[in-house]
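Peer 1: Mind having a look at this structure? Questions to follow.
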Amino acid sequence: MKFGSLKGVMDFAIQREEEAAKSYGKLCRIAEDEAAKKLLADLQQEEKNHKRILQGLTKAKVRASATKDVKDLMISDYLVEEPLTPEMNFQDLLIFAAKKEKKAVALYSDLAKKSMTKEQKALFEFLAKQEKTHKLRLELEYEKHVLLED
Ligand SMILES: [Fe+2]
Ligand SMILES: [Fe+2]
């Protein structure tokens with residue numbers, strides 16, 4: 001399935017940010033150590049921030065002219081299949097979240113490439129960079145937990 005318009009992509013991105021904030025909130029509640037809790041609370045805050053940034057963009061009425069045609073973007077390229085089961089442990093959930101971050105990086109990188117104004121490009125590049133950092137932080141946290149278990 002493809003996106004019909006820039007508004008479609010933006011609505012999708014806003015929804016993903018909302019979901020990301022919610023799942024970090026949940027993960028934060030089940031995390032057992034303080035460092036993990038702090039990391040997840042940080043990520044939750046940043047995703048909330050991303051949502052606000054994107055909403056601000058749509059409010060400022062990003063004209064279609066500020067972005068090249070986004071109709072060739074495929075929705076499935078930015079989604080992770082949900083293998084979520086109740087048996088998933090904390091580490092599994094961290095990895096799952098990291099995979100979602102990878103898709104978020106792809107989405108914002110593609111939007112940056114399609115931006116026709118410097119401002120818009122910079123904004124999507126900023127978001128892509130933050131999501132990349134999120135992925136890395138989750139992977140480091142994952143390693144820590146795996147090492148602790150051994
Ligand atoms: Fe985000
Ligand atoms: Fe993120």
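Peer 1: Sorting Y142, Y78, Y24 on the 10 Å Cβ count, fewest up front, what's the list? Let's see the in-between values first.
Peer 2: Numbers: Y142 18, Y78 21, Y24 24.
Least to most surrounded, the residues fall as Y142, Y78, Y24.
Peer 1: Give me the percent relative contact order of the stretch 6-149, please, defined on Cα pairs under 8 angstrom at least 6 residues apart.
Peer 2: 23
Peer 1: Quick one: which residues, 5 or more positions from T67 or on another chain, have an amide H under 5 Å from its amide H? H modelled 1.01 Å from N in the peptide plane, none for Pro or chain starts.
Peer 2: M116
Peer 1: Once the convex hull of the C-alpha atoms of the chain is built, how many Å³ does it hold per residue, rounded to a whole number? Walk me through the intermediate numbers first.
Peer 2: Working: hull volume 15.1 nm³, N = 150.
Enclosed volume per residue, from the Cα hull, is 100 Å³.
Peer 1: Right, something else. Under 25 Å Cα to Cα from K144, which lysines show up? Leave out anything in the same chain fewer than 8 places away.
Peer 2: K22, K26, K37, K38, K99, K100, K102, K103, K129, K132, K135
Read-outs: derived from the displayed coordinates by stated rules, not from any lab. Not measured: the values here are computed from a predicted model. We place every Cβ from the backbone using ideal geometry, glycine too, and count neighbours over all the protein chains shown.
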